[in-house]
Amino acid sequence: MNISIIGYGRMGHEVKKLADILNINVKSIIDPTDPEATHNRITNESMKDVDVAIDFSKPDAVLENVKAVAENKVNIVVGTTGWYDRLPIVTKIVEENKVGMVYGPNFSIGANIFFKIINYASTLISKFEDFDPYVFEMHHRMKADSPSGTAKEVANIILKNFTSKNKLQFDRLNRRIEKNELHVVSLRAGYHHGFHLVGFDSEYETIEISHSSKGRTSFAKGALIAAKWIIGKKGMYNFGQVLEDIIFNQF
Ligand SMILES: NC(=O)c1ccc[n+]([C@@H]2O[C@H](COP(=O)([O-])OP(=O)(O)OC[C@H]3O[C@@H](n4cnc5c(N)ncnc54)[C@H](OP(=O)(O)O)[C@@H]3O)[C@@H](O)[C@H]2O)c1
């Protein structure tokens, strides 16, 4: 497989490192300022012999990047987040140019499987009203926001399945928690790459399910799996659909 890396920041470097280990050819690296990049913008020449371009750039750059890649009839994996309000126009570009695209906010395979496990677990446990669910997440001290997007995702999965819960509570409480509230707690300290735990507690027993990230490589790995999957395909897919296909149709 021949790939192009668009955006040579932290994730772009991670993709390059893993591609080298997996003997995947990196035909071009596109970044406006990085001195190690082969091109400072997407050109016809930078897309020559590229099977899939992998974009980890900036939200504002995604629309133009997808357009430039699609016009070169190259498929694309977009890991960049924060552009989803432009999904309809990006979909139109992909469809008009008859190329394939995979996008998603979290390319970690483990985290996506974790979402499916929580969905199944909460469906089962919600049938028994004495179990009370909760979410805890922990990240390094440099993380600028809380709760994490992953914590919000699992919390919403639980909310969907527990009819007794209809409100997420992210704050410290100076009162008893209401029955309809799901408490989502964040901790920031040290160097944790990302830890998420979902618990279901009854008076007599506790079930806890957790996922720990060991770093950015898990995202790079997922992006490369998505890149391999999208070769020869057309249309828009999210990473969840890619995993469903791999899990249910290819094994
Ligand atoms: N889906 C996932 O699993 C996942 C995982 C991790 C991160 N992300 C997302 O991926 C994105 C990148 O994250 P990061 O940590 O790698 O950020 P980063 O370190 O800031 O890297 C972004 C790079 O893209 C470059 N860039 C800016 N405009 C560009 C353009 N038009 N074309 C090509 N490159 C351009 C930037 O250059 P300058 O610095 O010169 O602007 C920078 O080198 C973010 O949106 C982040 O949220 C997604």
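Does Glu129 qualify as being more than 15 Å from the ligand (Cβ to nearest atom), assigned by TED's automatic domain parsing to the domain that holds Gly7 and loosely packed, with under 13 Cβ neighbours inside 10 Å? No; evaluated as a whole, the condition is false for this residue. If you go through the stretch 55-73 and pick out every residue that is in a helix (DSSP H, G or I), near the ligand (Cβ under 6 Å from one of its atoms) and under 14 Å from Met101 (Cα atoms), you end up with 1.
Has the stretch 227-235 got at least one residue that is within 15 Å of the chain's Cα centre (by Cα), surrounded by 15 or more Cβ atoms within 10 Å (Cβ to Cβ) and touching a residue at least 60 places away in the same chain (Cβ under 8 Å)? So far as the stretch 227-235 goes, yes, one or more of its residues are within 15 Å of the chain's Cα centre (by Cα), surrounded by 15 or more Cβ atoms within 10 Å (Cβ to Cβ) and touching a residue at least 60 places away in the same chain (Cβ under 8 Å). Scanning the stretch 87-100 for residues that are within 12 Å of the ligand (Cβ to nearest atom) and not assigned by TED's automatic domain parsing to the domain that holds Leu197 turns up nothing. Just one of (1) surrounded by fewer than 21 Cβ atoms within 10 Å (Cβ to Cβ); (2) within 10 Å of the ligand (Cβ to nearest atom); (3) within 20 Å of Lys228 (Cα to Cα); (4) aliphatic (A, V, I, L, M) fails for Ile21. It is (2).
For every residue, the table says whether it meets (1) closer than 18 Å to Arg188 by Cα; (2) acidic (Asp, Glu); (3) in contact (Cβ under 8 Å) with a residue 40 or more places away in the chain; (4) surrounded by fewer than 12 Cβ atoms within 10 Å (Cβ to Cβ).
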position: Glu95; (1), (2), (3), (4): no, yes, yes, no
position: Pro105; (1), (2), (3), (4): no, no, yes, no
position: Leu124; (1), (2), (3), (4): no, no, no, no
position: Lys143; (1), (2), (3), (4): yes, no, yes, no
position: Ser148; (1), (2), (3), (4): yes, no, yes, no
position: Lys152; (1), (2), (3), (4): yes, no, no, no
position: Leu159; (1), (2), (3), (4): no, no, no, no
position: Arg172; (1), (2), (3), (4): yes, no, no, yes
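The values are calculated or read from the model by the stated rules, or taken from the named source; none is laboratory data. Since this is a predicted model, take the numbers as computed values, not measurements. Note: ideal-geometry Cβ built from the backbone for every residue, glycine included; neighbour counts use all protein chains shown.
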